[in-house]
Amino acid sequence: MPADPAPLLPPLVTARHAACRHDRHRGLLDADFTAAGRALGVLGPPRSGKSTLLALLTGSRRPTGGSLRVTGLDPALPAERRRLREVIGYVPEAMTVPPACTVGQFLRYVGWLRGVPAAQLPAAIADSLLVTDLTELRDRPVRTLSTGMRQRVLLAQALVNRPSVVVLDSPTVMLDPEQRSRFLARLVSLRGRCAVVLATPLVQSVAAVCDEVVVLAAGRTVFSGTTTDLAGGTDLADGYRRVLAAAHR
Amino acid sequence: MPPPVRLVLAEMTAGAGLVLGMLLLAVAVAGGLAMVPPEAGPSWSNPFNLALTGLMVVGPLCAGGVAWLVRDYRVRGIGALAASTNRGTAGGALPRLAAACAWAGLAYLVLLGLFTARTAHRGAPAGAPLLLALLAAGFLAACAALGWATGTLSEARAAGPLLAGALFTLVRVGASGDGWARPLVPVNPDLVYRPFLQPHVRLVWIQVVVLAAITALGLSVLLGRGRRRRLTGLAGAVVLAAAVFALSRTDPAPTEIRGAPAHPVCAGDPVPVCLRPENAELLPGSERALAAASAALAPYLAVPVRFSEPGIERRVASGPGIYVPPAGPGDPLAFQAAALAAILPPPCPPPSRHGPAAMSYGDLMTWAEARVNGRAGVPPYALGRVAPVLGMDLDRQRSWVRRHLATSCAG
């Protein structure tokens with residue numbers, strides 16, 4: 001997949017030995033990479049530190065060591081962390097929308113969370129509904145929606161503040177193959193609007209969306225580069241397995 | 001409509017927020033109709049106290065409901081989403097918390113409305129009864145904070161129901177307990193306010209501070225792991241310790257006598273008597289009963305020359321000349337009993353539980369009734385004890401009265 005760099009903008013993510021430890025051996029121990037493209041995949045087995053890295057990228061947590069910048073903003077600095085939180089959209093892992101509320105109500109809530117000014121909120125909601133093809137479903141309670149539609153609601157909420165980066169944590173794990181491919185196609189189309197950071201245990205998802213990839217194992221970066229580099233002339237999944245095997249040795 | 005209000009309304013009218021609200025309202029309506037207001041005369045303190053008593057169920061339910069809502073918020077990943085915003089995890093839960101508190105507040109207003117409609121009162125409530133509303137708000141805030149902390153600390157489904165059950169048990173057992181720790185529980189289910197009584201202002205303020213400290217301790221759980229959390233927790237603990245110490249140094253009586261009204265209603269012929277304005281309809285009956293009792297007993301003992309309700313001339317609940325009128329104007333015997341108690345008050349308050357002393361005071365009251373009404377009104381079992389006295393001459397009856405007044409003080 002061709003890279004789509006924006007040379008005048010700062011890199012999407014720059015991590016220099018960034019760490020966020022839960023204790024001595026858990027959490028993110030050493031993330032060291034630079035991603036300059038429009039779509040970054042984060043791969044790794046369970047407990048490899050993916051969600052912790054995403055917590056740093058979204059400003060949910062502060063690094064306990066090293067340095068990190070997201071679109072040039074340092075989440076360790078309070079003022080820049082506040083700014084970062086305004087320009088980020090986020091789909092947390094295994095997130096579900098309360099079934100009784102309507103799509104519009106939930107987007108209004110997330111708009112309030114993100115600090116979207118009240119005057120701009122209706123237009124922002126309409127825009128995110130349009131991008132995710134949910135305009136007709138605005139007043140439907142979430143419990144009446146299919147799994148695929150609910151996943152689109154999660155994507156819509158991540159767009160409600162017109163972010164410059166959307167961070168998604170394992171968004172396709174619960175979807176069937178057809179729903180997954182449609183969702184990934186939608187993410188690809190999003191790359192024109194904003195950068196995408198996609199953490200997932202599914203290599204195919206990264207292959208479909210991302211041009212750059214970071215592989216984490218036991219809290220450390222074991223690979224960073226383009227998807228083509230990771231594949232190494234073979235299938236991306238094979239390349240991923242090779243990198244993990246090398247890391248375990 | 002401002003966006004935060006719309007968010008709170010959305011939380012109140014859908015899903016778990018709506019279920020919690022309906023439950024709280026149902027409990028409030030059922031409790032408000034099931035509890036019978038006391039017939040103690042006009043008082044604003046009674047409806048406020050009854051509504052506060054109703055919170056014994058509403059408060060724990062609110063705590064359990066908040067714990068459930070906050071748990072749901074975290075389990076659904078909405079807390080993680082909010083953590084990536086400038087509102088933060090705690091701020092993102094505010095609409096849910098506000099919805100639960102709004103429903104609990106509405107339930108309190110329903111209780112208060114039901115009791116106010118069924119309790120006699122006059123004019124606008126004074127400051128002391130309104131303090132009970134502040135106490136109610138403090139109680140609900142403490143319950144909500146404990147619920148929030150529990151929902152934050154535990155993802156177990158049972159956490160909310162267990163918290164509700166534990167809080168209810170704690171408050172119920174505490175409310176029926178005794179000793180210096182009793183005032184830690186802000187609910188008094190068995191308390192009845194006569195018109196001359198009001199909540200013990202100092203005690204209620206300390207209770208409000210205790211609840212504020214508990215709220216601060218609950219909220220400290222939400223403030224992450226940093227200095228703010230430690231400071232809030234420490235401040236809550238220090239204030240709680242200080243308030244508990246102050247409680248241990250405060251008279252635990254939940255009531256005190258109200259101050260003098262600006263314009264008491266008085267009658268002066270032949271016996272001067274002053275009542276609170278809300279008891280104006282009791283003045284004629286009181287005057288008649290006091291005149292009759294004074295005239296009948298004056299030859300035998302020193303009868304007060306004027307009578308007034310507690311707090312009008314002296315801030316004491318009983319004593320010579322302190323007249324506590326009956327709750328309503330319908331029963332002449334109740335006026336007579338009140339008049340006799342004002343002329344022959346138990347001389348050693350609180351009323352002695354010592355058997356011979358209580359019996360002696362009972363004999364004295366029976367004798368007084370017989371002096372006012374004649375022997376016809378005295379029950380046969382009591383008449384046997386005082387009939388010989390009634391037949392004595394004036395001097396011997398006087399000395400009998402003096403002796404019995406002294407004995408009834410012996411306990």
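Volume of the convex hull of the stretch B:29-145 (Cα atoms only), normalised per residue: 96 Å³. Comparing B:Ala262, B:Ala67, B:Val110 along the charge dipole axis of chain B, the residue lying farthest to the positive side is B:Ala67, per the Cβ-charge model.
Overall shape: prolate for the stretch B:78-128, with the ratio a/c of the largest to smallest alpha carbon gyration tensor axis at 1.5 or above and a/b above b/c.
With a 10 Å Cβ neighbour count serving as the proxy for reagent exposure, in which order, fewest first, do A:Val188, A:Val167 appear?
Numbers: A:Val188 14, A:Val167 26.
With the sparsest Cβ surroundings first, the list reads A:Val188, A:Val167.
Going by C-beta contacts inside 10 Å, put B:His404, B:His263, B:His121 in order with the fewest on the left.
Details: B:His404 22, B:His263 8, B:His121 19.
Fewest-to-most Cβ neighbours within 10 Å comes out as B:His263, B:His121, B:His404.
Where does the stretch B:1-82 land on Rg(C-alpha)/(2.2 N^0.38 Å)?
Numbers: Rg = 17.1 Å, N = 82, 2.2 N^0.38 = 11.7 Å.
In units of the 2.2 N^0.38 Å rule of thumb, it is 1.45.
Within 10 Å of the Cβ of each residue in A:94-106, the mean number of Cβ atoms contributed by other protein chains is 5.
Starting with the fewest neighbours, write out A:Asp229, A:Asp23 ranked by other beta-carbon atoms found within 10 Å of each beta-carbon. Please list the in-between numbers first.
Numbers: A:Asp229 13, A:Asp23 6.
With the sparsest Cβ surroundings first, the list reads A:Asp23, A:Asp229.
Net charge dipole, the stretch A:39-172: roughly 320 debye, given to the nearest 20, about the Cα centre with Cβ charges of +1 for Lys and Arg and -1 for Asp and Glu. A simple spin-label model places pseudo-atoms 7 Å from Cα toward Cβ; at A:Ala94 and B:Arg157 they are separated by 1.5 nm. Distances between every pair of Cα atoms in the stretch A:131-237, grouped in 5 Å steps from 0 to the bin holding the largest one, split as 2, 11, 21, 22, 19, 13, 7, 3, 2, 0 percent. Near the amide H of A:Gly65, within less than 5 Å, lie the amide hydrogens of A:Ala19, all on another chain or at least 5 residues away, with H placed in the peptide plane. Among the trypsin sites (Lys or Arg not before Pro) in the stretch B:68-174, which ones are in a DSSP loop with at most 12 other Cβ atoms within 10 Å of the Cβ? Mind listing them? Filter output for the stretch B:68-174: B:Arg157. Orientation-averaged projection of the stretch A:36-136 equals 8.5 nm² [convex hull of Cα atoms, one quarter of hull surface area]. When only Cα pairs below 8 angstrom with a gap of at least 6 residues are kept, the stretch A:126-233 shows a relative contact order of 19 percent. Taken about its Cα centre, chain B carries a charge dipole of roughly 1380 debye when the Cβ of each Lys and Arg holds +1 and the Cβ of each Asp and Glu holds -1.
Give me the inter-chain shielding for B:9-20: mean count of other chain Cβ atoms within 10 Å, whole number please. Walk me through the numbers on the way to the answer.
Values: counts 1, 9, 5, 0, 3, 8, 7, 2, 3, 1, 1, 0.
Whole-number average of other-chain Cβ neighbours for B:9-20 is 3.
Averaging over all projection directions, find the projected area of the Cα convex hull of chain A and quote it in nm² with one decimal place.
Numbers: hull surface 53.5 nm².
Over all viewing directions, chain A projects a mean Cα-hull area of 13.4 nm².
Exposed loop sites were defined as GluC sites (Glu not before Pro) in DSSP loop states (anything but H, G, I, E or B) carrying at most 13 other C-beta atoms within 10 Å; in chain B the longest segment without such a site runs B:156-411. Counting every alpha-carbon pair across chain B, the share separated by more than 28 Å comes to 58%.
Take peptide B:67-79, look around each residue's Cβ out to 10 angstrom, count Cβ atoms belonging to other protein chains, and average those counts.
Details: counts 0, 0, 1, 0, 0, 2, 1, 0, 3, 7, 10, 10, 3.
Going residue by residue through B:67-79 and averaging, the value is 3.
Along its first, second and third principal axes, ordered by size, the stretch B:138-225 spans 49, 24, 22 Å in Cα coordinates.
Between the C-alpha center of the stretch A:112-149 and that of the stretch B:246-267 there is a gap of 59 Å.
Could you calculate the contour length gain from B:Val305 to B:Arg385, that is, 0.36 nm times the residue separation minus the distance between their Cα atoms, to one decimal place in nm?
Values: separation 80, 0.36 × 80 = 28.80 nm, distance 2.97 nm.
Result: 25.8 nm gained on full extension.
Once the Cβ-Cβ distance of A:Arg26 and B:Asp331 is raised to the sixth power relative to R0 = 60 Å, the FRET efficiency obtained is 0.20. Pairwise Cα distances in the stretch B:88-158 exceed 14 Å in 71 percent of cases. Farthest toward the positive end of the dipole of the stretch A:67-120, out of A:Leu84, A:Val103, A:Val116, is the Cα of A:Val116, where the dipole comes from beta carbon charges about the Cα centre. By the helix-only formula, in which each DSSP H run with n ≥ 4 contributes -39500 (n - 2.57) and the sum is divided by residues, chain B has a 222 nm mean residue ellipticity of -20500 deg cm²/dmol. Could you tell me the distance between the Cα centroids of the stretch A:217-249 and the stretch B:208-223, to the nearest Å? Using only Cα atoms to place each centre, the spacing works out to 50 Å.
Under 10 °C and 1.306 mPa s, how fast does the stretch B:201-253 diffuse according to Stokes-Einstein, given a Kirkwood radius computed over C-alpha pairs? Answer in µm²/s, whole number. Diffusion coefficient, whole number: 139 µm²/s.
Highest mobility in the GNM of chain B, judged by mean-square fluctuation with C-alpha springs under 10 Å and restricted to B:Ala117, B:Ala342, B:Ala260, is found for B:Ala117. In whole angstrom, the protein assembly as shown maps to an equivalent ellipsoid with semi-axes of 76, 23, 18, each derived as √(5λ) from the alpha carbon gyration tensor and ordered largest first.
Between B:Ala235 and A:Asp238, the FRET efficiency from the beta-carbon distance, with R0 = 35 Å, is close to 0.05.
Among B:Leu94, B:Leu50, B:Leu114, whose mean-square fluctuation peaks in a Gaussian network model of chain B (Cα, cutoff 10 Å)? The residue with the greatest mean-square fluctuation here is B:Leu94. Hey, with R₀ at 22 Å, roughly what FRET efficiency would A:Leu9 and A:Asp133 work out to, going by the Cβ-Cβ distance, to 0.05? Approximately 0.20, to the nearest 0.05.
Quick check: the distance between the Cα centres of the stretch B:109-159 and the stretch B:1-38, to the nearest angstrom? Centre-to-centre (Cα) distance: 13 Å.
At a temperature of 4 °C and a viscosity of 1.567 mPa s, determine how fast the stretch A:31-77 diffuses translationally according to Stokes-Einstein, using the Kirkwood radius over alpha-carbon pairs as Rh; express D in µm²/s, rounded to the nearest whole number. The calculation lands on 112 µm²/s. Averaging 1/r over each pair of different alpha-carbon atoms in the stretch B:195-291 and inverting the result gives 17.1 Å, the Kirkwood hydrodynamic radius.
All of the numbers you see were taken from the coordinates with simple rules; none came from a lab. Since the model is a prediction, treat every value here as computed from it, not as a measurement. We place every Cβ from the backbone using ideal geometry, glycine too, and count neighbours over all the protein chains shown.
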